[in-house]
Structures are given as structure tokens and as C-alpha cells.
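Values quoted throughout were computed directly from the atomic coordinates according to the rules given, and no laboratory measurement underlies them. Quick caveat: nothing in here was measured; it's all calculated off a predicted structure. Methodologically, a virtual Cβ is constructed for each residue, glycine included, from the backbone with ideal geometry; neighbour enumeration extends over all protein chains shown.
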Amino acid sequence: MPPRSKLWIYLGVGLIAVSVYYWQSGHNTAPVAAGAGPAASAQAGVPATVTKAKISDFDVYVTSLGTVQAYATVTVRSRIDGELLKAYFSEGQFVKKDDLIAQIDPRPYRAALEQANAKKTQDEVNLENAKLDLERYLKLGEFAARQQLDTQRATVSQLTAQLAADDAAIDLAQTQLDYATIKTPISGRAGFKLVDEGNIVNAANTNGLVVIEQMRPISVIFTQSEAYIHEINAGLASNPQPVDALSSDGKSLISTGKLSFVDNLVDTSTGTIHLKATFDNQDLKLWPGMSVSTRLLLKTLKNVLIVPTNAIQHGPAGLFVYQVDDQNKVQVQPVDIGPANAGYTVVTKGLTEGQTVVVDGQYRLQNGVKIAPADYVPPSGLAQSQ
């Protein structure tokens with residue numbers, strides 16, 4: 001290698017060495033913050049969020065999936081044959097019970113009613129004449145032939161019966177005429193128009209004119225395990241339990257109603273029973289066919305000890321919490337738990353009221369570790385009702 005090349009190599013190595021020296025010197029001479037370092041950190045304690053175990057009433061819920069169903073569904077059909085002259089509703093319109101909804105051509109049925117009335121008038125005249133003849137025969141006494149008298153009595157009875165038949169025919173004709181004017185049987189929301197004006201409709205058509213869904217109130221059908229049947233029935237008999245309808249992901253509350261019905265048969269294939277809850281639904285947030293999550297209040301436990309669910313830890317020996325002493329040191333405390341709800345869990349054994357437990361930051365803890373505690377603040381909507 002030429003001497004000049006070696007010289008450039010030596011110069012480069014020297015420059016690198018000088019740069020490294022000055023870089024290390026600058027870092028080593030930086031000021032050290034007071035109290036910094038591992039020893040100071042250990043003295044301050046491991047950051048952790050804490051809260052106290054408390055006594056409270058605790059609602060026990062069972063959840064499930066459900067389907068919104070109209071409180072009542074009616075397919076409006078024509079009960080007579082004829083031309084649909086007018087539909088008095090719009091698709092999607094909310095209608096009230098007994099509102100006029102459609103008109104069938106009434107003329108053939110009005111004519112039939114008039115004919116029945118005319119027939120009755122004719123028979124009334126015939127009956128009156130027959131009664132007069134009978135009175136004449138009776139006045140003749142023994143001069144009247146018995147056969148003639150009996151025949152006249154039969155004629156009067158026959159015409160009397162005919163008047164009764166005329167009344168029935170008039171009622172039938174009037175009913176048929178009334179059927180030409182179709183009214184809504186329930187209050188609800190009209191669906192698609194199934195027949196347009198000008199078409200001939202008939203009573204045999206099962207499709208109907210329109211389907212009306214009653215949505216105020218509205219129902220939700222859901223299932224629950226047969227294990228809860230006795231508690232559900234007991235609650236329904238004394239005071240119908242509240243039922244919450246939530247979004248399908250269970251994160252947002254849509255509406256609150258009450259349990260209204262428990263089916264009379266357990267599904268043996270699934271071990272569940274069907275339930276129905278009723279909701280006022282004045283805001284129309286629930287819609288027929290909609291999928292929801294349901295939350296049924298099963299019972300309320302009185303004066304039980306609760307802690308945030310995040311405080312409960314799983315270990316090789318079972319469930320435990322990190323209990324905090326008056327020196328801010330933690331100890332592993334085994335616990336037994338009950339039901340959980342709304343971010344809280346019932347503790348049945350292992351803790352007493354007022355004891356402090358760690359809610360967050362457990363991953364850095366072990367027996368005897370000192371902590372720097374911060375108060376636990378429940379997320380919005382997570383606090384257990386008192």
C-alpha cells in the first residue's frame with residue numbers, strides 16, 4: 001500500500017476516536033436530576049390505581065340476544081269482491097285505529113241492500129193482508145170452513161217467518177255494504193301498498209291490501225337459560241323485571257321496558273326458554289326485525305361487598321387481589337367472588353369494607369412492593385348504582 005494511502009487511513013481513524021471521546025464526555029458530564037435513579041424510583045413506589053372495597057346493593061343481570069317484533073301485525077284484506085276505488089294511506093304512514101284506509105266500489109252492495117229492504121216491505125204488506133183475512137174467518141165462526149181457517153193461520157205464520165228472513169237478508173246486505181269501506185283494525189305503521197287503485201280485489205286474496213305493524217308499544221323476543229326460570233317467574237309474579245334493549249354489540253342503551261311474558265315450554269334442544277319484553281317505544285328507536293342485546297334484571301343483592309372487576313386477578317392458586325396496607329405496600333389476598341355487572345364484582349370472601357385494593361398497574365407488583373397510589377375514577381356509565 002502506498003505511504004499516502006496509509007496516511008489517510010490513520011487520519012480517519014484518529015478523527016473517529018476524537019469524536020467518540022467528545023460524545024461520551026458530553027453525556028457523562030450532563031447534570032443528574034435530584035432524586036433520580038433506581039434507588040429513588042423504588043423509594044417513591046410503583047405507580048398504581050387504587051380504590052376501597054365498599055358495601056352496596058348490587059343488581060344481578062342476565063344477558064342474551066333478542067329480536068324486535070311488532071306488538072301486533074295485521075294484514076288488511078278485503079272481505080268482499082269489487083274494484084278498489086281509493087286507498088286512503090301512504091306507504092310508511094302511521095295510521096290510527098278505525099281510520100278509513102280503502103274504499104271498494106259499494107254500488108252492487110248498496111243495490112242488494114235496497115232490494116232486501118223492498119222485499120221486506122212487500123212481505124209486510126202481504127202479512128198485513130193475511131192477518132185481515134184471518135180476522136174475517138174468525139168472525140164467521142162456525143160458518144167458516146175449518147180447513148180454510150187453518151190454511152189462513154198457516155199463511156200468517158209463513159209470512160211472519162218470511163219477515164224474519166227479510167231482516168236477516170237486510171243485515172247481510174248492510175254488512176256487505178259496510179265491508180266496502182275498509183278501516184284500520186289497529187294503530188300502527190303502514191307498509192308497502194300491495195294493490196293499486198283500479199284493481200279488482202276479492203276476499204280469497206291472501207296477500208291483502210297492506211300490512212300494518214303496531215310499533216307503540218313494541219316487543220322484544222329473547223331467550224334465557226332454563227336455570228333462571230324460577231327466579232324469572234318469581235319476579236314476574238311480584239313485579240315485572242326491567243329489561244334493557246342495547247345495541248347488538250351491547251355497548252349502548254337503546255330503551256328500557258318490562259318483562260311481559262314467559263313461554264310455557266323449555267326448548268329441550270338448547271335448554272332455553274323464550275321470553276318477551278314490552279317497550280313503550282315512543283321515540284321509535286326499536287324497529288321490527290332489529291337485532292338487539294338484552295339485559296334482564298334477575299334480582300338485587302342487598303348490602304354486599306363490591307370492588308371494580310379489574311381488581312380481580314387470576315393466579316396459580318386461584319383468584320386474588322392486591323391489598324394495600326397503611327404503608328402503601330401490597331399483599332396478595334385470595335378472594336372468592338359472586339356475580340359481576342357494570343364493571344363491578346361481588347366479593348363473598350377475603351375482603352372487608354374499607355380495605356384498599358389495586359385496580360390498575362398490577363403487572364409490576366408482587367408481595368411487599370411499595371406503590372405510589374392514585375385514586376380510581378370509574379369510566380363514564382360504569383359506576384355501580386347505589
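Grab the other residues whose beta carbon is less than 14 angstrom from that of residue 109, score K and R as +1, D and E as -1, and report the net. Net charge in that neighbourhood comes out at -3.
Towards the positive end of the charge dipole of the chain, with charges on Cβ (+1 Lys, Arg; -1 Asp, Glu), say which of 300, 314, 129 has the farthest Cα. Value: 314. In this entry, segment 87-148 is assigned a mean projected area of 7.8 nm², taken as a quarter of its C-alpha convex hull surface.
Which value at 222 nm does the chain reach when only helices count, each DSSP H run of 4 or more adding -39,500 (n - 2.57), with the total divided by all residues and rounded to the nearest 500 deg cm²/dmol?
Values: 5 runs with 111 residues, N = 386.
The per-residue figure over the chain is -10000 deg cm²/dmol.
When the charge dipole of the chain is built from unit charges on Cβ atoms (+1 for Lys and Arg, -1 for Asp and Glu) and taken about the Cα centre, the candidate among 104, 237, 270 whose Cα reaches farthest toward its positive end is 270.
Between the helical axis of 146-179 and the longest alpha-carbon principal axis of the chain there is an angle of about 30 degrees.
Just need the Rg to Rh number for segment 197-276, please, alpha carbons only, Kirkwood Rh.
On the way: Rg = 18.6 Å, Rh = 15.9 Å.
Value, to two decimals: 1.17.
The angle between the Cα long axis of helix 229-238 and the longest principal axis of the Cα atoms of the chain comes to about 60 degrees, rounded to the nearest 10.
Determine the dipole magnitude for the chain: charges of +1 sit on the beta-carbon of Lys and Arg, -1 on that of Asp and Glu, nothing else is charged, the reference point is the Cα centre, and the result goes in debye to the nearest 20. Don't jump to the answer; show the numbers that get you there.
Details: 33 positive and 37 negative charges, 367 e Å.
Once rounded to the nearest 20, the dipole reads 1760 debye.
Put simply, the convex hull of the Cα atoms in segment 148-242 casts, on average, a shadow of 14.8 nm².
Using a cutoff of 8 angstrom between alpha carbon atoms and counting only pairs six or more residues apart, the relative contact order for segment 107-179 works out to 56 percent. If both residues of a DSSP beta bridge must be in the chain, then about 95% of such bridges are antiparallel.
For segment 107-179, the extents of the C-alpha atoms along the principal axes are 55, 14, 12 Å, listed from largest to smallest. Under 5 Å between amide hydrogens, built in the peptide plane, is the criterion, and for residue 299 it picks out 60 among residues at least 5 positions away or on other chains. From the alpha carbon centroid of segment 245-266 to that of segment 302-339 is 32 Å. In the set [x] 19.4; [y] 47.0; [z] 21.6, the label that goes with mean projected area of the Cα convex hull in nm² computed for this structure is [y]. Charged side chains reduced to their Cβ positions (Lys and Arg at +1, Asp and Glu at -1) give segment 107-179 a dipole of some 140 debye around its Cα centre.
Reported value for segment 246-356: 189 Å³ per residue, from the convex hull of its C-alpha atoms. Each of 371, 247, 70 was scored by the projection of its Cα onto the charge dipole of the chain, and the greatest displacement toward the positive side belongs to 371; charges sit on the C-beta of Lys, Arg, Asp and Glu.
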